[in-house]
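What follows is calculated from the coordinates using simple rules that are stated; it is not laboratory data. All figures in this text were calculated on a predicted structure; none of them were measured in a lab. Neighbour counts run over all protein chains shown; Cβ positions are idealised from the backbone, glycine included.
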Amino acid sequence: MRVGYVQFEPRFGEVKRNIGRAIEMMGSERADLWVLPELFSTGYLFVSREELMGLAEPVPEGPTTQALLDFSRKANATVVAGLAERAGDKVYNAAVIVGPAGLIGRYRKIHLFGKEKLWFDPGDLPLEPMDLGGVKIGVMICFDHFFPETARTLALRGAQILCHPANLVLPGMGQLSMRVRAMENRVFAVTANRIGGEARGGEELRFTGESQIVAPEGAVLLRASPEGEEVGVVEIDPEKALDKRVTRYNDLFADRRPEFYGA
Ligand code: ACM
């Protein structure tokens with residue numbers, strides 16, 4: 001199975017252009033599963049809930065999901081992409097999972113970061129892996145990486161590949177913790193981070209790039225540069241993520257002692 005990330009620089013508010021750029025980049029390589037950054041079609045730094053509501057889209061009717069569905073059908077690929085989802089009077093920092101046969105699912109970020117807490121509603125969907133015809137993926141968004149419970153829950157429920165759309169801003173941290181999330185759960189992890197910066201509403205953020213694909217033992221299989229627009233694709237065997245043994249005596253899931261773990 002070929003898995004890949006798209007690392008690029010969305011321009012704030014230029015939804016059509018951002019969708020086009022991401023699709024153009026995915027078109028440059030062949031992958032079975034693509035991961036795009038968090039909020040890839042809108043940009044990140046909103047200054048009000050009204051502004052966010054104006055750019056957020058219903059799923060699957062909105063232009064971002066529709067364009068990805070079209071790409072997915074033509075390329076025979078699954079795409080996991082971060083976007084702003086409007087659902088009635090709620091708005092989520094979400095991800096859609098689309099495949100050649102249609103919408104597979106959605107995820108709504110449960111651990112909001114910084115000013116996201118001012119504008120977005122917190123995620124309200126369970127952490128359920130999605131089945132891509134025999135391979136299970138789990139979706140988590142950016143700051144979710146700081147909460148090991150997110151990856152653990154997805155892995156315990158069968159996820160073999162963690163798909164991690166991101167807009168990481170703390171240098172090196174998400175890249176490090178996703179290696180640990182992969183290692184401690186014996187799963188693959190694909191982080192698609194963005195690059196560039198945004199300065200809006202008196203705040204300025206730089207995004208750290210270094211998108212990466214990590215193997216179940218924590219090895220970095222591929223990592224992008226901190227600043228370039230890049231796609232990266234690696235051939236993986238997702239079966240490897242079903243084996244939780246680290247020594248002949250230790251199986252990471254069988255050895256858990258949940259009776260000792262608190263809330
Ligand atoms: C983040 O969660 N976008 C840092």
statement: If we keep only residues of region 79-114 that are of a type in the set (K, R) and touching a strand residue (DSSP E or B) at 6+ places or on another chain (Cβ under 7 Å), then the residue nearest to the ligand (Cβ to nearest atom) is K109
field: Residues that are in a strand (DSSP E or B) and β-branched (V, I, T), drawn from region 165-191
entry: V190, T191
- request: Would you point out which residue out of R181, R200 is closer than 16 Å to G114 by Cβ, more than 14 Å from the ligand (Cβ to nearest atom) and of a type in the set (K, R)?
  value: R200
- line: Given the conditions (1) crowded, with 18+ Cβ neighbours inside 10 Å; (2) more than 21 Å from P58 (Cα to Cα); (3) within 16 Å of the ligand (Cβ to nearest atom), every one holds for P148 apart from (1)
The listed residue being more than 22 Å from D131 (Cβ to Cβ), under 16 Å from the mean Cα position of the chain (by Cα) and within 13 Å of the ligand (Cβ to nearest atom), out of A166, A192: A166
L176 vs. criteria surrounded by fewer than 23 Cβ atoms within 10 Å (Cβ to Cβ), within 13 Å of the ligand (Cβ to nearest atom) and without any contact (Cβ under 8 Å) to a residue 60 or more places away in the chain: no
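Counting just the residues of region 24-46 that are within 16 Å of the ligand (Cβ to nearest atom) and among the aliphatic types (A, V, I, L, M), which one comes out farthest from K136 (Cα to Cα)? Give the derivation first.
Kept after step one, since they are within 16 Å of the ligand (Cβ to nearest atom), are these residues of region 24-46: 35-46.
Remaining after also requiring among the aliphatic types (A, V, I, L, M): 35-36, 39, 45.
Numbers: V35: 14, L36: 18, L39: 23, L45: 32 Å.
Ranking the candidates gives L45 first.
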